[in-house]
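> So that we are looking at the same thing, I have put the structure below in structure tokens.
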Amino acid sequence: MRRGWRTGGWVPGAAIALMPWPAAAAGLPGAELSLLWAVPFAGILLSIALMPLFAGHVWHHHYGKIAAGWAAAVLLPAAAVFGIGVAWGELLHIVLLEYIPFIALLLALYTAGGGVLLKGSLVGTPTTNTILLAIGTALASVMGTTGAAMLLIRPVLRANAFRRQKTHTFVFFIFLVANIGGSLTPVGDPPLYLGFLRGVSFFWPTTHMFGEFLTCAGALLAIYWLLDSWAWSRERPTPPDEARKEPLAIEGVLNVALVGAIVAVVIAMGYVKLGPVSILGQPMDGERAAGVLLFLAITAASVRFTSPALREANGFAWGAIAEVAKLFAAIFICMAPVLKILGAGADGALAGLVALTSDEAGQPVPWIYFWLSGTLSSFLDNAPTYIVFFELAGGDPDFLMGQGAPTLAAISCGSVFMGANSYIGNAPNFMVKAIVEENGVRMPSFFGYCAWAGLFLLPLFVLVTLIFFF
């Protein structure tokens, strides 16, 4: 992908990709897959969770190779059992139709967001930190969880540089800004955007998920203020010298405009229909292909016109997005068989799990949709998980927005909210973790973070279930 930032690098590549290549074979047959096909996915999850703890040196130097090994553990058996054509078709589908649009959007938001510098003196008191988290939570539905997280993570780091106890601030940052804040519009989080592309109206999440959003956001902000106030009282930190305070200002206005352009492209992709194009034999919506090219162009513009001094002052580095790109490439491949099994419904190896979504009369059970979509979104990517349950609920947007609204709200809330339960539940989680650690702040381990989520999020989700989905 770095070739794309050099003059003329990605244009010939795009031309080659759009040539009329022969169609690839269909992907993995979900009804024929046993649960053994989930082993590589479990393997990469355990690698991410355990290797930094027990083999940190090996992991930090070779995580890309380890992730590639788990991806190969899916593709090579698939080629042996179902044929090279099937494995190749599955790989093309994942890379071209899922991974590249995903990483192109993240790359654009990461690059443009990292080119906006919020200057001035912010002192990370409990009240200031809570206000920053509230602003990020509100912005997440306007500019996406990734955009809001990239815009605010560095100002929050600088505001708390003098604090000793600050890990909890970045854990709650992930809870709120990187996940729950994105629940009110399709721009906010990928699952809602996929629903928008399938016919769910733009403001349906705003009107049907606002109560759930307000309950979670309000409770977490209040808990955070109490927790940070307690930490402040124990720590008794010395704030920066008042004489050194600078007025707040924004530098990098071009990148603010570029973030706006990214949001505009995302919205346009839901309304502008360009017809299908064939990329290496894979049919892709023309508007999605155009979106990828525009995201790459926005990334290139941000790199070209943002001064290195601004990025250096912002603490910007490419390491976080590189780590996300490598690990999520393997995660997308390894989770494909699991999603295929789920997609097979009653004919798949997880038929018993799928059967739980309906009662004896065949009616959907919203609270089960909330917890199943949420639990799987905690460890699978939440966008395809949303689609699996959207289809299980009938896949008709008009019905789901009307009579089936409780079910669609449950699927939407589960997919968006519970992406906060682990570092890999939503891509911004891992990006925030990587940026914070690049700046010398220790973050919880994989299981340590899950313990934080279990302590603060799971009781809250039980409350949401009782209020909204029973």
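The values are calculated or read from the model by the stated rules, or taken from the named source; none is laboratory data. Since we're looking at a predicted model, the values are computed, not measured. A quick note on method: Cβ atoms are made from the backbone with ideal geometry, for glycine too, and the neighbour counts reach across all protein chains shown.
> Exactly one of (1) within 19 Å of the chain's Cα centre (by Cα); (2) buried (at least 24 other Cβ atoms within 10 Å of the Cβ) is unmet by residue 400. Its number?
(1)
> Okay, next question. Return the residues of the range 232-262 that are modelled with pLDDT under 80 and β-branched (Val, Ile, Thr); say none if nothing qualifies.
Passing the criteria: only 238.
> Identify, please: which residue in the range 262-288 is in contact (Cβ under 8 Å) with a residue 40 or more places away in the chain and assigned to a helix (DSSP H, G or I) and is, among those, surrounded by the most Cβ atoms within 10 Å (Cβ to Cβ)?
262
> Here's another thing I want to ask about it. Within the range 306-338, can you find the residues that are in a helix (DSSP H, G or I), surrounded by fewer than 22 Cβ atoms within 10 Å (Cβ to Cβ) and aliphatic (A, V, I, L, M)?
Across the range 306-338, the qualifying residues are 309, 310, 313, 322, 325, 329.
> Pick out the one residue from 183, 233 that is free of Cβ contacts under 8 Å to residues at least 24 places away in the same chain and out of contact with any strand residue (DSSP E or B) (no Cβ under 8 Å at 6 or more places or on another chain).
On the way: 183 fails: free of Cβ contacts under 8 Å to residues at least 24 places away in the same chain.
Matching residue, one of 183, 233: 233.
> Let me ask something additional. Restricting to the range 360-375, give me the number of residues that are within 13 Å of residue 390 (Cβ to Cβ) and out of contact with any strand residue (DSSP E or B) (no Cβ under 8 Å at 6 or more places or on another chain). Walk me through how you get there before you give the answer.
Taking the range 360-375 first, the residues within 13 Å of residue 390 (Cβ to Cβ) are 364, 369, 372-373.
Then drop every residue that is not out of contact with any strand residue (DSSP E or B) (no Cβ under 8 Å at 6 or more places or on another chain), which leaves 369, 372-373.
Residues meeting the conditions: 3.
> Right, another one. Which ranges mark the helices (runs of 4 or more DSSP H) fully within the range 1-103 that have 1 or more residues being hydrophobic (A, V, I, L, M, F, W, C), loosely packed, with under 14 Cβ neighbours inside 10 Å and modelled with pLDDT under 90? So that I can check it myself, show each step before the final result.
Working: elements: 10-17, 39-54, 56-82, 84-92.
Of the helices (runs of 4 or more DSSP H) lying wholly inside the range 1-103, those with at least 1 residues that are hydrophobic (A, V, I, L, M, F, W, C), loosely packed, with under 14 Cβ neighbours inside 10 Å and modelled with pLDDT under 90 span 10-17, 39-54.
Conditions tested, residue by residue: (1) part of a loop (DSSP other than H, G, I, E, B); (2) modelled with pLDDT of 90 or more.
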{"site": "138", "(1), (2)": "no, yes"}
{"site": "144", "(1), (2)": "no, no"}
{"site": "147", "(1), (2)": "no, no"}
{"site": "152", "(1), (2)": "no, yes"}
{"site": "157", "(1), (2)": "no, yes"}
{"site": "187", "(1), (2)": "yes, no"}
{"site": "193", "(1), (2)": "no, no"}
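> Looking at (1) out of contact with any Pro (no Cβ under 6 Å at 6 or more places or on another chain); (2) in a helix (DSSP H, G or I), can you tell me which one residue 165 breaks?
Among (1) out of contact with any Pro (no Cβ under 6 Å at 6 or more places or on another chain); (2) in a helix (DSSP H, G or I), residue 165 violates only (2).
> What residue, among those in the range 418-436 that are assigned to a loop (DSSP other than H, G, I, E, B) and of a type in the set (Gly, Ala, Ser), is farthest from residue 164 (Cα to Cα)?
First, the residues of the range 418-436 that are assigned to a loop (DSSP other than H, G, I, E, B): 422-426.
Those still in the list that are of a type in the set (Gly, Ala, Ser) too: 422, 425.
On the way: 422: 24, 425: 28 Å.
Among them, the one singled out is 425.
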